[in-house]
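Reviewing the structure listed below.
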Amino acid sequence: MSGFPLDGVDRLFLGADEIHAIWRSVEGPLIVGEFCLVHLHKSFTGDEFPPDDPTLPASDYSKLGALKVIDSEPHSGSGSVTGMYMTESAQHEIWFYDAGLHRLERLDLDYLAYLDAVLVTKGTCGWQYLFADVDLNTTELHTTAADLNVMLEKFPEQFPEYDYEPLRQRLEARL
């Protein structure tokens, strides 16, 4: 991890090899989520590898193969992962791979912000699209947009300690 800026990482440094949760709502509209956050050391030195998807354009395929997996959905069967990509200037970028839609999207957040967002969204499926430069009005992302809308309607009631307005604004900007 030479050259990786570690300022502030210690405040959210995982105390275990991974932290994993899978859940679904029991009342009202169905909301589901999963996250499996991987300790950075394990991500960079262990056997956590991104999936292989030769259907991606060559540049995305290469980037997918270079990701260091920091989050995944191992029990849902989605195959989706989020990874860290180290640039030549030793800066890190966070990328989300949606295996079901064969999409690789750069996220507009850093590692610490990613961990914070997992806490707020509880790993609701597709939450990463709130931080990607995408149009959620497309046919392929319509269901994801609807699910995110339900999350943002229900979570403020269930988790009043979190401010969901910034996520609501991100959703509206992508619709």
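Computed from the coordinates by the stated procedures, all read-outs in this text should not be read as laboratory data. What you are looking at is a predicted structure, and each value in this text was computed from that prediction instead of being measured. For neighbour counting, all protein chains shown are included, and Cβ atoms are generated from backbone atoms with ideal geometry for every residue, glycine included.
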Per the helix-only calculation at 222 nm, which mean residue ellipticity applies to the chain, given -39500 (n - 2.57) for every DSSP H run of n ≥ 4 and division by its residues, nearest 500 deg cm²/dmol?
-9000 deg cm²/dmol
The list [x] 115; [y] 147; [z] 126 gives values of volume of the Cα convex hull per residue in Å³, and only one came from this structure; which label was calculated from it?
[z]
Rounded to 10°, Cα long-axis angle of helix 111-121 versus longest principal axis of the chain
20
Which of L67, L148, L101 fluctuates most in a GNM of the chain (C-alpha springs under 10 Å)? That residue is L101
Can you give the extra length, in nm with one decimal, that the chain gains between V120 and D135 once fully stretched, where that is 0.36 nm per residue apart less the Cα-Cα distance?
3.2 nm
Apply the Karplus parameterisation 6.51 cos²θ - 1.76 cosθ + 1.60, with θ equal to phi minus 60°, to every residue of the stretch 141-157 and state each ³J(HN,Hα) to the nearest whole Hz, in sequence, with x for glycine and proline.
10, 4, 5, 4, 4, 5, 5, 5, 4, 4, 4, 6, 7, 8, 4, x, 6
Determine which lysines satisfy two conditions relative to K154: a Cα distance under 25 Å, and not lying fewer than 8 residues away in the same chain.
K122
Neighbourhood charge, 9 Å Cβ-Cβ cut-off, centred on V38 and excluding it, Lys, Arg +1 and Asp, Glu -1:
-2
Length added when fully stretched, V32-Y85, from 0.36 nm per residue minus Cα-Cα:
16.4 nm
Determine the principal axes of the Cα atoms in the stretch 43-135, then give the extent along each, sorted from largest to smallest and rounded to whole angstroms.
32, 31, 30
Excluding residues fewer than 8 positions from K42 in its own chain, the aspartates and glutamates with Cα under 20 Å of it are D7, D10, D17, E18, E34, D52, D71, E73, E93, D110, D116
Charge sum, other residues only, whose C-beta stays under 12 Å from D98's C-beta, Lys/Arg counted +1 and Asp/Glu -1
-4
Among E105, E27, E73, the residue with the largest mean-square fluctuation in a Gaussian network model of the chain built from Cα contacts under 10 Å is E27
